[in-house]
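The values are calculated or read from the model by the stated rules, or taken from the named source; none is laboratory data. Keep in mind that what you see is a predicted model, and the values were worked out from it rather than measured. Note that each Cβ is placed from the backbone with ideal geometry, even for glycine, and that neighbours are counted across all protein chains shown.
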C-alpha cells in the first residue's frame, strides 16, 4: 500500500536565501514544515546549470545518460542552431510514469512532456518558467476547463524583464502574485478530486522572481545600492511569501497521512553568467580568430577609464544598446545605430545594418530569420563561425565553446591533429581573463567535454569546452592580455543559476527537526518514490535519501 506524497517544487530557489528569510521569521509555512521534518541541501551539476535540472529531476538520470544538454541544438554538419525544446522522454520516461497501479496528478512541471503511462491527470505549460513544451493536458479537455475556471497564468512566456527597466520589472510583481494565487486554487481543486498516490507541482514563479528581482533584494548584486531605494518593498521576498502562503493553502487539502516533499533542484544568485556567456565570450573568441579586430566594444574602450556599472540603456532597449557598440568606420551609421529612437530605427535598420558578407547579423534580422532569442549575441556571430577557429554557442548559463574542426564542421579550420593543443591554448587564454573591476579570474572551472575531436557519441553535448564562470561578482566587463577589454555591458537579467538546491521532508515516519545534507538533485526522484513506497527503477542514477525511520520503512 502506498503512502500519498505531495511534492512541491520551487524552481531555482536559493537555499541560503530561504534559510535567512526563515530565520528572520518569514516563510512561516515552510519553516513549520522544516521544524517538524527533515531539511537538507542538494548539489547539482556545475555545468549546464540552467538547461538540465528539470530533465535530471524528471528522468532521475545525468545529462551524460539522457544526452539532453540544452533546448538549443547545433545541427550536425552545419553552423545552424535550432530549438530542440524539451527532452523527448522516449528512452527514459518521467519517474512518475508508473502505469495503471498508481494515480498521479502532475500540474505544470517544467520541461516534462505529456506521457500516456501516467495514470491520472497531467497539465503542461500553464505557467511554468520556460516550459519548453506546448500547453496541454491529459485528459485533453482539462487544460481548457482550468482556464475557464481559474484563468490563464499572466506570466506564461512573459515572466521576464531587463533588470535596468524598473517599470517592466515592477509590472512583474502583480503578474507573479496573480499566477501564484491561481496556481494555489488549481492545485487545491485537483487535490480534492481524489486521493492521489502522488501529486506534484512546481512554482515557476520562484524562477522568475530570482531572475527579475535579485538586484532589488540581495546586496551582492552590483546594482543593489543604486536601485534599492526605488522600490517600496523587497519584491523577491514578497513573491516567496506569496508562494509560502500558497503552499499552506495547498497542503490544507492534502490527506492527513500524506508525506510532503518541498524542494528545489537548483538555485539562483547574482547574475554571473549571462553577460560572460552570451556577450563577452563570443567577442573574445572573435578577437582571437581575427587579431586586432573587434565587432562589439571598440578597442579604444580598453584604454578608457572604467565607469560604474551602467544603470541605464541607450533607448531603454538592451539589444539596441549592445548592438550600438558595434565597430563601424562609417561615422553616420555608427551614430544612427546608437542614437536614433527605436520608433524611427526600425524604418532605417535595413539601411544602417543590411546583411553583409563577413559581418555579424543584427538581432533584428536574427528575429526575422530564426527562433533563437535575440538577447543571445552569441547567435549574432553565426555568419562568421565558418571563419573562426572557435565560436561560442548560444547559452542560458555557462559558456559553451565549439571548435571549428576540419572534417567535422563544413568549413573546419583546426586540424584534427591540432585539436588537443588548440584546446589547451584556448583554456590557457580563457584562464587569463579577469573581471575588469575586481581582478578576479573569470573562469572558476574549464571543462573539456570530448576525448578527441571526432568523438561522435550522440549523447555528448555540442560544446567541446564549457566555461563555468566565477560566482563572486556579477561581471559587466573583462580584461584580457590577449584581446583587451570587453565591456562595460548593461546587466540583462539580475539573477542567474547556481548548482545547489534543498529539500524539506515532512510527514509520517520522517524525523522531526532533523538535518540531512550530502544529497544530490539526482536523489529527488528516487526519494519521492521511496516516500510513496514504490520500488525505485534501476536506471535512476541517484539514491533515495535516508528520510524514513526504520519502523516506517518496514511498515
Which numbered condition in (1) farther than 17 Å from residue 286 by Cβ; (2) out of contact with any strand residue (DSSP E or B) (no Cβ under 6 Å at 6 or more places or on another chain) is the only one that residue 447 fails? (2)
Look through 357, 445 and report the one residue that is outside any helix (DSSP H, G or I) and at pLDDT 95 or above. 445
In the range 455-482, how many residues are over 24 Å from the mean Cα position of the chain (by Cα) and modelled with pLDDT of 95 or more? 4
Only strands (runs of 3 or more DSSP E) wholly contained in the range 48-150 count here; list those with 1 or more residues that are over 26 Å from residue 262 (Cα atoms) and either assigned by TED's automatic domain parsing to the domain that holds residue 203 or touching a residue at least 40 places away in the same chain (Cβ under 8 Å) (or both). 72-74, 81-83
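One line per residue, one yes/no per condition, for (1) out of contact with any helix residue (DSSP H, G or I) (no Cβ under 8 Å at 6 or more places or on another chain); (2) buried (at least 19 other Cβ atoms within 10 Å of the Cβ):
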residue	(1), (2)
376	no, yes
409	no, yes
418	yes, no
435	yes, yes
Among (1) in a helix (DSSP H, G or I); (2) modelled with pLDDT under 95, where does residue 180 come up short? (2)
How many residues, within the range 324-348, are surrounded by fewer than 19 Cβ atoms within 10 Å (Cβ to Cβ), outside any loop (DSSP other than H, G, I, E, B) and in contact with a helix residue (DSSP H, G or I) (Cβ under 7 Å, 6 or more places away or on another chain)? 4
Considering only the range 437-451, how many residues are over 22 Å from residue 493 (Cα atoms) and out of contact with any helix residue (DSSP H, G or I) (no Cβ under 7 Å at 6 or more places or on another chain)? 6
Do the conditions hold for residue 190, that is, is it more than 30 Å from residue 403 (Cα to Cα) and in a helix (DSSP H, G or I)? yes
For residue 310, are the conditions met, namely being modelled with pLDDT of 95 or more, closer than 23 Å to residue 222 by Cα and crowded, with 17+ Cβ neighbours inside 10 Å? no
Of all residues in the range 7-24, count the ones that are assigned to a loop (DSSP other than H, G, I, E, B) and in contact with a helix residue (DSSP H, G or I) (Cβ under 6 Å, 6 or more places away or on another chain). 3
If you take the residues of the range 159-177 that are in contact with a helix residue (DSSP H, G or I) (Cβ under 7 Å, 6 or more places away or on another chain) and not in a helix (DSSP H, G or I), which of them is nearest to residue 7 (Cα to Cα)? 159
Only one residue in 333, 337, 320, 356 is free of Cβ contacts under 8 Å to residues at least 40 places away in the same chain, within 27 Å of the chain's Cα centre (by Cα) and not assigned by TED's automatic domain parsing to the domain that holds residue 49, so which one is that? 320
Test set (1) touching a strand residue (DSSP E or B) at 6+ places or on another chain (Cβ under 9 Å); (2) under 26 Å from residue 501 (Cβ atoms) - residue 169 fails condition number: (1)
Could you please find all residues in the range 30-47 being assigned to a helix (DSSP H, G or I) and under 25 Å from residue 529 (Cβ atoms)? 30, 33, 34
Going by the conditions given, is residue 521 within 28 Å of residue 206 (Cα to Cα) and outside the structural domain of residue 312 (by TED's automatic domain parsing)? yes
Helices (runs of 4 or more DSSP H) wholly inside the range 198-314 containing at least 2 residues that are without any contact (Cβ under 8 Å) to a residue 60 or more places away in the chain and in the same structural domain as residue 108 (by TED's automatic domain parsing): 224-227
From the options 202, 133, residue that is crowded, with 22+ Cβ neighbours inside 10 Å, more than 21 Å from residue 494 (Cα to Cα) and under 23 Å from the mean Cα position of the chain (by Cα): 202
